[in-house]
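The values are calculated or read from the model by the stated rules, or taken from the named source; none is laboratory data. Every value quoted in this text rests on a predicted model; they were computed, and no experiment measured them. Here the Cβ is made from the backbone with ideal geometry for all residues, glycine too, and neighbour counts use every protein chain on show. Heads up: the accessible areas ignore ligands, DNA and RNA and are worked out on the full protein's heavy atoms, side chains in. Shrake-Rupley method; radii C 1.70, N 1.55, O 1.52, S 1.80 Å.
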Amino acid sequence: MISSTMRRASAAAAGGAALALALTACAGDDLGGGGDGGGGGEADADCAAFEQYGTFDGETVSISSTISDQEADQLEESWADFIACTGITIEHNGTNEFESQIFVQVEGGNAPDLAIFPQPGLIQRMVEGDHLVPAGDAAMEQAGANYTEDWLTYGNIDGEQYGIPIMGSVKSFVWYSPSTFEENGYEVPETWDDMMALTDTIVADHGSDSVKPWCFGIESGGATGWPATDFLEDSVLREAGPDVYDQWVDHEIPFDDPQILASLQRVGDILQNPDYVNGGIGDPRSIAATAWADAGLQVLEDNCFMFRAASFFEAQMPEGTDVGPDGDIFAFYLPADSADEQPLLVAGDNVAAFNDNEATQAVAAYLASAEWANSRVSIGGVVSPNQGVDPANASSDVLRLTLELMQDDSAVVRFDGSDLMPSSVGAGTFWSEMTKWIDGQVDAEQALTAIEDSWPQG
């Protein structure tokens with residue numbers, strides 16, 4: 001599991017741990033972490049663009065999310081013209097404990113008007129508790145115009161659309177140094193076999209105790225293990241295909257199905273080969289104790305040549321790093337078995353409503369619009385799967401590449417599987433068993449069997 005930023009991944013782990021502590025808290029005051037509201041302001045924009053949403057003098061709409069600190073400021077900046085033109089005050093509260101606190105708040109009768117959910121599984125739980133309302137007509141009109149069916153699927157529960165994806169990330173990337181590749185005459189691989197052939201070439205050219213083809217780390221505090229789950233999910237999409245991926249995520253086949261075992265062994269062919277990892281760090285067992293982003297930074301030191309990580313790895317770069325196709329570091333698409341295939345693992349944030357008040361629905365419709373998506377993407381640091389986003393508005397070459405992949409109609413897109421699974425598996429045994437597997441405590445079959453045995457019954 002990981003959301004669109006590393007910080008939010010940590011928040012997810014913290015949320016689970018905080019649940020028991022939070023149950024007796026005063027729900028109305030719980031979600032006060034990051035943002036402190038976004039009301040007020042003067043319109044710099046032509047308000048004609050916002051007439052479709054109406055005017056709501058004196059109305060306030062509250063939004064809860066995992067988004068805090070600088071990202072919360074950017075989020076509030078993104079709707080400044082909307083609130084100035086419509087008269088709606090938006091009170092945004094972001095917290096690292098969203099995943100637990102939102103249930104406290106809702107069950108205490110103090111639900112926000114809207115929430116931005118990082119995990120579709122949370123939307124499902126909210127719908128099962130009869131807490132959310134379906135997306136309104138205006139929001140659905142925007143969603144239908146701006147999002148692919150694949151992306152809308154993640155917020156669709158039993159045929160009813162509740163969540164609308166507003167921000168996203170692409171997981172299927174391999175980070176590399178363009179200048180180092182060029183100096184060595186290496187080409188970006190177009191197939192998995194090409195990538196493994198390149199891996200062997202790097203071993204032959206540079207292999208040593210300190211320089212390896214790959215770097216990888218899975219340490220992430222309470223969320224340790226999630227980078228390995230992402231790698232397995234990408235492998236399942238390539239080894240077994242999207243149909244099997246769907247069956248696996250929905251538990252229509254066992255977690256330890258032979259096709260999943262083959263996919264994990266494919267990952268192990270890289271991560272458990274001492275000739276292939278872990279450049280600048282140690283042997284394969286060092287992966288379990290290495291912070292995920294620290295591993296990737298070894299590419300900048302020429303200790304390793306490739307690092308599989310999502311688009312949000314860019315945010316972990318040291319200040320001044322030139323990220324681009326001719327820069328210090330860039331990313332290529334994690335290849336499939338043939339160059340014609342392009343399965344894409346993604347994650348993202350969905351907005352969903354707790355009521356159908358007119359002001360609430362107006363804000364939801366605006367967040368689903370191309371106008372808002374372009375506003376937020378232009379501010380920097382994130383992308384949106386909204387098809388109306390102009391890639392030129394992205395703040396970096398990697399984010400532009402992310403948008404191009406998201407908007408490619410030929411891509412087979414699947415959401416982060418662990419985010420869709422029951423949380424006791426997706427953010428529990430899946431993480432812990434992958435860590436044991438990396439650490440050599442269990443083999444691939446034992447790890448998958450333990451996860452299968454932990455799947456909730458009934």
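Taking 0.36 nm per residue of sequence separation and removing the Cα-Cα distance, the residue 454/residue 337 pair yields an extension gain of 39.0 nm.
Residues of the stretch 140-165 with an amide N closer than 19 Å to a point placed 7 Å from the Cα of residue 128 along the Cα-to-Cβ direction: 154-163.
For residue 410 and residue 259, the difference between the fully extended length at 0.36 nm per residue and the C-alpha to C-alpha distance is 51.9 nm. Close amide H partners of residue 383, meaning residues 5 or more places away or on another chain with modelled amide H under 5 Å apart, are 168. Placing one equal scatterer on every Cα of the chain and applying the Debye formula, the log10 ratio I(q)/I(0) at q = 0.06, 0.08, 0.14 Å⁻¹ is -0.25, -0.45, -1.33. Can you work out the FRET efficiency for the pair residue 190 and residue 55, with r the C-beta to C-beta distance and R0 = 56 Å, to the nearest 0.05? Result of the calculation: an efficiency of 0.60. For the peptides 130-140, 293-303, 366-376, 111-121, residues were scored by their other Cβ atoms within 10 Å and the scores averaged per peptide; the highest-first order is 111-121, 366-376, 293-303, 130-140. Across the accessible surface of the stretch 223-339, with the other protein chains kept in place and a 1.4 Å probe, carbon and sulfur atoms take up 41 percent. Surface analysis of the chain yields an accessible area of 38 Å² per residue, using protein heavy atoms and a 1.4 Å probe. Taking the square roots of 5 times each eigenvalue of the Cα gyration tensor of the stretch 77-116, largest first, gives ellipsoid semi-axes of 25, 12, 6 Å.
Hey, any idea what % of the stretch 102-162's accessible area is carbon plus sulfur with a 1.4 Å probe? Ligands and nucleic acids excluded, carbon and sulfur reach 39 percent. Residues whose amide H comes within less than 5 Å of that of residue 90, counting only those at least five positions distant or on another chain, are 38, 39, 40, 61 (H built at 1.01 Å from N in the peptide plane).
Here the stretch 338-458 is described by how far its Cα atoms reach on the three principal axes: 50, 43, 24 Å, from widest to narrowest.
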